[in-house]
Amino acid sequence: MVEKLDMKEFKNKVIVKRENCVVKFYSVMCPLCLNLAPIYEEIANEHSNSFKFYKISVDEEDKFSKMLKFDGVPTLFLFKDGKYEEIPYPSNPDILTGYRKDGIIDFIKEKIE
């Protein structure tokens with residue numbers, strides 16, 4: 001399951017408690033974000049035993065892009081042991097989502113092993 005966070009919840013869960021998680025930054029007006037949503041939900045359901053999965057709307061919480069230094073959505077970050085890393089777009093991005101499901105899963109698996 002993907003849980004929606006605001007800035008306060010993000011600070012508590014990710015910064016203070018240092019939860020290992022994946023966070024998707026999205027906009028409700030972004031077609032790529034809308035297309036990625038069900039895929040991200042699938043990944044969350046399949047891998048919820050390894051990581052928590054969150055989403056944050058940049059429409060509602062616009063300070064994140066400056067804080068984490070990203071300039072577009074969708075953007076995925078993996079937070080582990082108090083450190084974070086952007087999950088990169090693949091060299092052959094999907095035209096509907098920007099990401100590829102197996103690329104996201106491979107990145108997560110590589111980082112948790």
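Laboratory data are not the source of any read-out in this text; all were calculated from the coordinates shown. Quantities reported herein were computed from a predicted structural model and do not represent experimental measurements. For neighbour counting, all protein chains shown are included, and Cβ atoms are generated from backbone atoms with ideal geometry for every residue, glycine included.
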Label-point gap, in nm, between Ile39 and Glu110 - each point 7 angstrom along Cα→Cβ: 1.7
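Tell me, what is a quarter of the convex hull surface for the C-alpha atoms of the chain, in nm² with one decimal?
Values: hull surface 26.0 nm².
That works out to 6.5 nm².
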Of Tyr89, Val16, Asn49, farthest towards positive along the dipole that unit charges on Lys, Arg, Asp, Glu beta carbons give the chain: Val16
Formal net charge of residues neighbouring Arg100 (Cβ-Cβ distance under 13 Å; K, R +1; D, E -1): -3
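Rounded to the nearest 5, what is the percent of antiparallel bridges among the DSSP beta bridges in segment 1-95? Write down the numbers at each step before the final one.
Numbers: 10 of 19 bridges.
Antiparallel bridges make up about 55 percent of those DSSP assigns within segment 1-95.
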Cut-off under 5 Å, modelled amide H: who pairs with Val2 long-range: none
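By how many nm would the segment from Glu19 to Lys66 lengthen if fully extended, with 0.36 nm per residue of separation less the alpha-carbon distance? Don't skip to the end; give the middle numbers.
Details: separation 47, 0.36 × 47 = 16.92 nm, distance 2.14 nm.
So the extension gain works out to 14.8 nm.
Take the chain, mark every one of the trypsin sites (Lys or Arg not before Pro) that falls in a DSSP loop and has at most 12 other Cβ within 10 Å, then report the longest stretch left between them, sites excluded. Each step should come with its number before you reach the end.
Details: sites that count: Lys17, Lys63, Lys69.
No qualifying site falls inside 18-62, the longest such stretch.
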Most fluctuating residue given options Asn45, Asn92, Asn35, as computed from a GNM of the chain linking Cα atoms under 10 Å: Asn92
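Would you please give the FRET efficiency between Lys101 and Met7, computed as 1/(1 + (r/R0)^6) with r the Cβ-Cβ distance and R0 = 25 Å, to the nearest 0.05? List each step's numbers first, then the result.
On the way: r = 28 Å, r/R0 = 1.13.
Efficiency computed from Cβ-Cβ geometry: 0.30.
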Listed residues Leu36, Leu96, Leu76, most fluctuating in the chain (Gaussian network, C-alpha, under 10 Å): Leu96
